[in-house]
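A short worksheet on the structure shown next.
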Amino acid sequence: MSDTFGLTLAPHRVGAMVLRYIYLLRSSWPRILELVYWPTMQLFVWGFLQLYISQNAGFFARAGGVFIGAVLLWDILFRGQLGFSVSFLEEMWARNLGNLMISPLRPIEFVAALMIMSIVRLAIGMVPVTLLAIAFFGFNIYSLGFALAAFFANLILTSWSVGILVSGVLLRNGMGAESLAWTLMFVLMPLTCVYYPVATLPSWLQVVAWSLPPTYVFEGMRALVISHEFRADLMLQACALNAVYFSAAVVSFLQLLKSARRQGSLMQSGE
Amino acid sequence: MPVEPAVTVDQLVKTYGATRAVDGISFALAAGSITALLGGNGAGKTTTIAMILGLVMPTSGGVRVLGAEMPRQRYQVLHRMNFESPYIDMPHRLTVRQNLTVFGRLYAVADLAGRIADLAAQLDLAEFLDRPSGKLSAGQKTRVALAKALINQPDVLLLDEPTASLDPDTADWVRERLERFRKRHGATVLLASHNMAEVERLCERVIMMKRGRIEDDDTPARLLTRYGRQTLEEVFLDVARGRGEAREAAQ
C-alpha cells in the first residue's frame with residue numbers, strides 16, 4: 001500500500017511503541033515511584049493549607065475542596081504533558097531515535113503511542129493520590145462524575161499539545177532544549193488561574209487567560225465546587241480552543257521534524 | 001530487460017551553511033551487491049548513508065531505493081531496509097529479547113518468536129537474550145545491533161562501521177555472519193568503514209570518498225592495480241593524501 005506522506009496509523013506499530021515503554025516502566029521501580037511521589041507531596045501541602053484556612057475563613061469553609069480539586073486538576077495537566085515528554089526523552093537518552101526514525105514507524109504513530117503512555121503514566125501517578133485525597137481530606141474527585149470527564153478531556157488535550165510541541169523542538173534542537181520539557185507548563189500556571197478566579201488578574205491579562213483552555217477548566221471546577229453548577233459552556237469553549245491548539249501542535253511537530261531532516265539533527269540526538 | 005539498481009544516488013549534494021558535506025556524488029548499487037564506502041573522517045560517508053535512509057534531506061540531487069524516491073516516498077520501502085551503526089543504540093534497560101520484540105513488531109515480522117530464535121542461533125545470542133542490553137559487552141552489543149538490523153531480513157542493508165571498537169576475533173565473526181546473510185538472502189549491502197581488511201574481505205566494489213566527493217570507484221583488485229599497491233590501506237592513504245591525483249597528473 002502506498003503511503004507517501006506517512007499519514008496512515010497502524011495499530012501494531014503504535015502497540016509496539018507502547019510495549020517498549022511498558023517494558024521500560026516494568027524494569028525500573030524508581031521511574032514508577034517518581035510518578036507518584038510529587039503529586040502526593042503536592043496533595044499534602046495544598047490539602048493541609050486548605051484545612052487550615054477553612055477553619056479560619058467562612059468562605060473557604062463553604063468552598064471545601066477548591067484547593068485540592070485545583071491541585072489534582074493541575075497535576076492532570078502537568079503530569080499529562082510530562083508523561084508525554086519524558087517518554088519521548090527516553091528515546092533521546094537511550095540514543096534510540098535513529099533506530100526509530102529509519103523504521104517504518106510514522107511520526108503520527110509515534111505521537112499516538114506517546115499520548116497513550118501519557119495516560120498510562122498519569123493513571124499510575126494520579127489514581128493513588130486521588131484515593132489519598134479521599135482518605136485524608138474527604139475530597140472525592142470521582143464524585144464530580146461527568147464534569148470530571150469533561151475536565152480531564154480538556155486538560156489532557158492541552159497537555160498533549162504542549163508535549164507534542166516540546167518534542168518537536170527537541171527533535172529540531174537536540175538535548176539543549178530538554179529543560180523546556182520540565183518547565184514550559186509552569187508558564188501556564190499563573191495565567192490559567194489554577195488557584196484563584198480569573199477576575200483576580202488585571203483586565204489585560206484576563207484576555208490572555210481566556211485564550212488558554214485550562215482557564216475554562218479551573219473556572220468550571222470552582223463553579224462546580226462552590227456553586228454546585230456545571231458550566232457546559234466553559235467546557236465547550238475549552239474544547240474548541242483545544243482543537244485549534246492541538247492541530248497547531250501537530251502541524252508544528254511535522255514542520256520541526258522536516259527541519260530536523262534538513263539540518264541533519266536526527267543523526268545527533270544523543271545525550 | 002535491464003534490472004533497476006537497488007540504490008541510485010544522483011548528483012547528491014548536502015550543505016550545512018558554507019560546508020559541503022556531500023558534493024555532487026552519483027553511484028548506483030546493483031541488487032545483491034556489496035559495496036564499501038571508504039573515506040577518512042568528514043569524507044561524507046555517514047551523511048550519504050543518512051540521505052539514503054531518508055534521515056537527512058538532500059540539498060539537491062536525488063536518491064532512489066528499491067524504486068522509491070527518498071525521503072519523499074520512504075514509507076514505501078523502509079520496511080525493506082535496515083541500518084546498523086555504533087553511533088545509535090538500543091534502550092539499555094530493555095532485555096535483548098524485549099528490544100528485538102519491539103523492533104520486530106515495528107517491522108511487522110511474521111512469526112516473531114521464531115525469527116528471534118533463528119537470530120539467536122545464527123548470532124549466538126541465546127545466552128544473553130534475557131539480559132538488559134545495557135549490561136552487555138561491546139562485542140555482544142554489536143551482535144544485538146546486527147540482530148536488530150537483520151530482524152526484517154532487509155533487501156537493502158546499510159552499515160556504518162559495523163565492527164568499530166571490536167577485537168579482531170569478534171570483528172571477523174561479525175563479517176562472516178554478514179557475508180552469510182547476504183549470500184543467503186541476496187541483500188544489497190552498503191558498508192561505510194575505515195577497516196581496509198574488512199573491505200577487502202567483504203566487498204566487491206569500493207567507492208572512495210574525500211571531502212564530500214567520490215575520488216575513485218572500482219573493484220578492490222582494479223584499485224590495487226591502478227595505484228600499484230599491495231593493500232587497500234595503501235590505496236586509502238594515497239587517496240587521502242592526494243597521491244592518486246599526483247600520480248594521474250604525472251602520467
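Values quoted throughout were computed directly from the atomic coordinates according to the rules given, and no laboratory measurement underlies them. Here the structure is a predicted model, which means the values were calculated and not measured. Cβ atoms come from the backbone with ideal geometry, glycine included; neighbour counts cover every protein chain shown.
Summary table
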{"quantity": "Three semi-axes of the equivalent ellipsoid, the range A:1-151, Cα gyration tensor, whole Å, largest first", "calculated": "39, 16, 11"}
{"quantity": "Under 25 Å from B:Lys141, Cα to Cα: lysines that are on another chain or at least 8 residues apart", "calculated": "B:Lys45, B:Lys183"}
{"quantity": "Computed FRET value (nearest 0.05) for B:Tyr87 with A:Gln55, which takes r as the C-beta separation and R₀ as 56 Å", "calculated": "0.35"}
{"quantity": "Square roots of five times the Cα gyration tensor eigenvalues for the range A:79-179, Å", "calculated": "31, 14, 12"}
{"quantity": "The range B:3-44 residues near the modelled A:Arg262 label - backbone nitrogen below 13 Å, point 7 Å along Cα→Cβ", "calculated": "B:15-17"}
{"quantity": "Length-normalised contact order of chain B in % [C-alpha pairs under 8 Å, at least 6 apart]", "calculated": "25 percent"}
{"quantity": "Cα gyration tensor shape for the protein assembly as shown, rounded if a/c is under 1.5, else prolate or oblate", "calculated": "prolate"}
{"quantity": "Whole-Hz couplings from phi, Karplus 6.51/-1.76/1.60, listed for the range A:238-249; x for Gly and Pro", "calculated": "4, 5, 5, 4, 4, 4, 5, 5, 5, 4, 4, 5"}
{"quantity": "Eligible aspartates and glutamates near A:Lys258 by straight Cα distance, threshold 18 Å, same-chain separation 8 or greater", "calculated": "A:Asp3, A:Glu109, B:Glu69"}
{"quantity": "P(r) tail fraction, the range A:159-271 - alpha-carbon pairs more than 18 Å apart, %", "calculated": "59 percent"}
{"quantity": "Ascending count of other beta-carbon atoms within 10 Å, so fewest first, for B:Ile151, A:Ile22, A:Ile116", "calculated": "A:Ile22, A:Ile116, B:Ile151"}
{"quantity": "Part-to-part distance (alpha-carbon centres) for the range A:193-224 and the range B:127-157, which is given in Å", "calculated": "53 Å"}
{"quantity": "Rounded to 5, the percent of DSSP beta bridges in the protein assembly as shown classed as antiparallel", "calculated": "55 percent"}
{"quantity": "Scaled radius of gyration (Cα, divided by 2.2 N^0.38 Å) that the range B:95-251 gives", "calculated": "1.24"}
{"quantity": "Residues of type aspartates and glutamates that B:Lys210 reaches as a straight line, Cα spacing below 16 Å, ignoring anything fewer than 8 places off in the same chain", "calculated": "B:Asp23, B:Asp218, B:Glu233, B:Glu234, B:Asp238, B:Glu245"}
{"quantity": "Residue mean of other protein chain beta carbons inside 10 Å, B:43-54", "calculated": "2"}
{"quantity": "Calculated P(r) of the range B:1-151 - Cα pairs past 24 Å, %", "calculated": "44 percent"}
{"quantity": "Likely footprinting exposure, B:Lys14, B:Lys141, fewest C-beta neighbours within 10 Å first", "calculated": "B:Lys141, B:Lys14"}
{"quantity": "Pair B:Glu4, A:Trp38: separation of 7 Å Cα→Cβ label points (nm)", "calculated": "5.0 nm"}
{"quantity": "Debye log10 I(q)/I(0) at q = 0.12, 0.13, 0.14 Å⁻¹ for the range A:11-267, Cα point scatterers", "calculated": "-0.73, -0.85, -0.97"}
{"quantity": "Shielding score for A:25-35, defined as the mean number of other chain Cβ atoms within 10 Å", "calculated": "1"}
{"quantity": "Percent of C-alpha pairs per 5 Å bin, the range B:65-115, short to long", "calculated": "4, 17, 20, 21, 20, 12, 5, 1"}
{"quantity": "Ranking of B:Val109, A:Val244 by count of other Cβ atoms within 10 Å, fewest first", "calculated": "A:Val244, B:Val109"}
